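The values are calculated or read from the model by the stated rules, or taken from the named source; none is laboratory data. The model shown is predicted, which means the values in this text are computed figures rather than measured ones. We place every Cβ from the backbone using ideal geometry, glycine too, and count neighbours over all the protein chains shown.
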C-alpha cells in the first residue's frame with residue numbers, strides 16, 4: 001500500500017473496485033461520481049479504468065474479463081506478480097455493497113483534497129520562481145480551485161416528465177402575461193425582439209470605432225442597475241473616471257466636454273450633477289467598475305466570480321473583447337489571434353452559463369464593410385475570430401447611418417445579426433453625441 005494513502009481511503013477504494021466487478025449497474029452508479037484518476041492507488045485505478053473500457057465496449061464486466069483486458073493492454077504487470085489473484089481477492093472482499101455511497105464519498109473527498117494540494121504546491125513553486133505576474137498567478141489559482149469545486153457538483157439528468165412540467169409552467173406564465181424577460185436594456189423595441197439580456201447568455205455588441213458601442217454599453221449598465229440588477233463593468237480601455245464622466249453625461253444630461261474640463265460647467269449643470277450624487281440616483285445604483293487594463297479572460301472570470309459572491313451581480317459588461325490580454329496556453333509555442341480571441345469569448349460564455357449571469361461584451365469590427373457597396377456590418381465583420389459568432393447567443397451590430405461629424409445627432413441602426421431564441425431585424429436609434437446617449441426612434 002502506498003504510505004501516503006490513508007488507510008480509510010485505501011479501504012474505500014478497495015471496496016469500490018471490488019463492488020463494480022459485481023454488476024454493471026453498480027459500475028454505472030460509481031462512474032456518475034468518480035473518474036479513474038480519483039483513485040490514489042495505481043492498481044485500483046487500473047482495474048476501475050479497465051472495467052469502464054469494457055462497459056463502454058458493451059462487454060461483460062467481471063474478474064476474469066478485467067484480468068484478460070489488463071493482460072492484453074500490458075497493464076496487468078502493475079497489479080503485482082499474480083494479477084488474477086489480486087483481482088479475485090478484492091472481488092471476494094466486497095461481498096456487501098450497502099456502504100457503497102459512503103465509500104464513494106470518501107474517495108471523492110480524498111481526490112478533491114489531493115487536487116487542492118497540487119494547486120497549492122504549484123502556486124508555491126511559481127510564486128517562488130516569479131514566473132508570471134502575481135495577478136495572473138492568483139487568477140489562475142482561483143480558476144483551478146473553482147474548476148475543482150465545479151467538477152464535484154453532481155447533477156442528475158432531468159427526465160421528460162420534469163422537463164415538460166417546467167416548460168408548461170413557462171407557457172402558463174406567458175399566457176398570463178407574467179413571464180419575465182431578461183435584464184432590460186432600457187430600449188423597449190430592442191427588448192421586445194431579443195428579450196433583454198438573458199441570464200446565462202453572452203451578448204456581443206460589435207461596431208467600428210467612434211460609433212458609440214461603449215456609450216450604449218454604459219447606458220445599458222445604468223438602466224440595469226437602476227432597476228436593481230447589480231452590474232460589474234470591466235473597462236479595459238477607459239479609466240474609471242472616464243466611465244463615470246460618460247455615465248454622468250447620460251444621467252445628468254451634461255455635455256461630456258464640460259465634464260472633461262474642455263468647457264466651463266454651468267450652474268444648471270452643477271445642479272443636475274448634484275442630483276445624481278443622491279443615493280436614490282446614480283450614486284446609489286448597484287454597479288461597480290474594474291478598470292484594470294492588463295487582465296486576461298481568466299482574470300475577468302475570477303474578479304467576476306468574487307463580485308457575484310459579494311454583491312449578487314447579475315450583469316457583467318466587458319469593454320472590449322480585443323483588448324482582453326491574451327496569453328498563450330501552457331505548452332503552446334504559438335497561437336493565432338483568432339485562437340486567443342476565440343478562447344476569450346468561450347471563457348465569457350462559460351462564465352455566463354456557470355454563474356447564471358448576463359454577459360455583455362463589446363467587440364471591434366474589421367474594415368471589410370468599408371470595401372463593400374453595401375456597407376452595413378455583417379457577422380463576418382467581427383474582427384479576428386469567427387468563433388465570437390458561434391459563442392454568442394445574441395449579436396448586435398451598430399451601423400452609423402449619419403456620417404456627418406458636424407451633426408450633433410447621428411442615426412444608428414442596431415442590427416440584430418444573431419438571435420438564438422428569437423427574430424433578427426433592425427432597431428432604429430439616434431445617438432446624441434454630446435450626452436453619449438442613445439434613443440430609440442419610434443416608428444411613424
Search result, residues across the stretch 355-384 that are at pLDDT 85 or above and over 19 Å from residue 414 (Cα atoms): 355, 356, 357, 358
Starting from the stretch 79-104, keep only residues that are outside the structural domain of residue 38 (by TED's automatic domain parsing), then list their pairs with residues that are surrounded by 14 or more Cβ atoms within 10 Å (Cβ to Cβ) whose Cβ atoms are within a distance under 8 Å, requiring at least 6 positions of separation or different chains. none
Those residues of the stretch 72-99 which are surrounded by 14 or more Cβ atoms within 10 Å (Cβ to Cβ) and over 18 Å from residue 13 (Cβ atoms), in sequence order: 76, 84
Spot the failing condition for residue 75; the list is (1) at pLDDT 85 or above; (2) within 28 Å of residue 118 (Cα to Cα), and only one is missed. (1)
So which helices (runs of 4 or more DSSP H) stay within the stretch 222-329 end to end and still have 3 or more residues that are closer than 21 Å to residue 347 by Cβ? 297-311
List pairs: first residue in the stretch 328-356 and under 30 Å from residue 230 (Cα atoms), second residue modelled with pLDDT under 65 anywhere in the structure, Cβ distance under 7 angstrom, at least six positions apart or on different chains. 341/384; 341/385; 342/385; 345/385; 354/150
Condition test on residue 37, is it assigned by TED's automatic domain parsing to the domain that holds residue 107, under 19 Å from residue 106 (Cβ atoms) and surrounded by fewer than 19 Cβ atoms within 10 Å (Cβ to Cβ)? yes
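One line per residue, one yes/no per condition, for (1) buried (at least 21 other Cβ atoms within 10 Å of the Cβ); (2) closer than 23 Å to residue 96 by Cα; (3) in contact with a strand residue (DSSP E or B) (Cβ under 8 Å, 6 or more places away or on another chain):
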| site | (1), (2), (3) |
| --- | --- |
| 19 | yes, yes, no |
| 22 | no, yes, no |
| 41 | no, yes, no |
| 46 | yes, yes, no |
| 57 | no, no, no |
| 70 | yes, no, no |
From the set of residues in the stretch 237-250 that are closer than 21 Å to residue 311 by Cβ and surrounded by fewer than 21 Cβ atoms within 10 Å (Cβ to Cβ), which is modelled with the lowest pLDDT? 240
With respect to the numbered conditions (1) assigned to a helix (DSSP H, G or I); (2) modelled with pLDDT of 80 or more, which one is the sole condition not fulfilled by residue 395? (1)
Just one of 121, 108, 144 is in the same structural domain as residue 16 (by TED's automatic domain parsing) and either touching a strand residue (DSSP E or B) at 6+ places or on another chain (Cβ under 9 Å) or under 16 Å from residue 48 (Cα atoms) (or both); which is it? 108
Among the candidates 117, 111, single out the residue that is surrounded by fewer than 14 Cβ atoms within 10 Å (Cβ to Cβ) and under 29 Å from the mean Cα position of the chain (by Cα). 117
Failed item, numbered, when residue 387 is tested on (1) surrounded by fewer than 21 Cβ atoms within 10 Å (Cβ to Cβ); (2) at pLDDT 80 or above: (2)
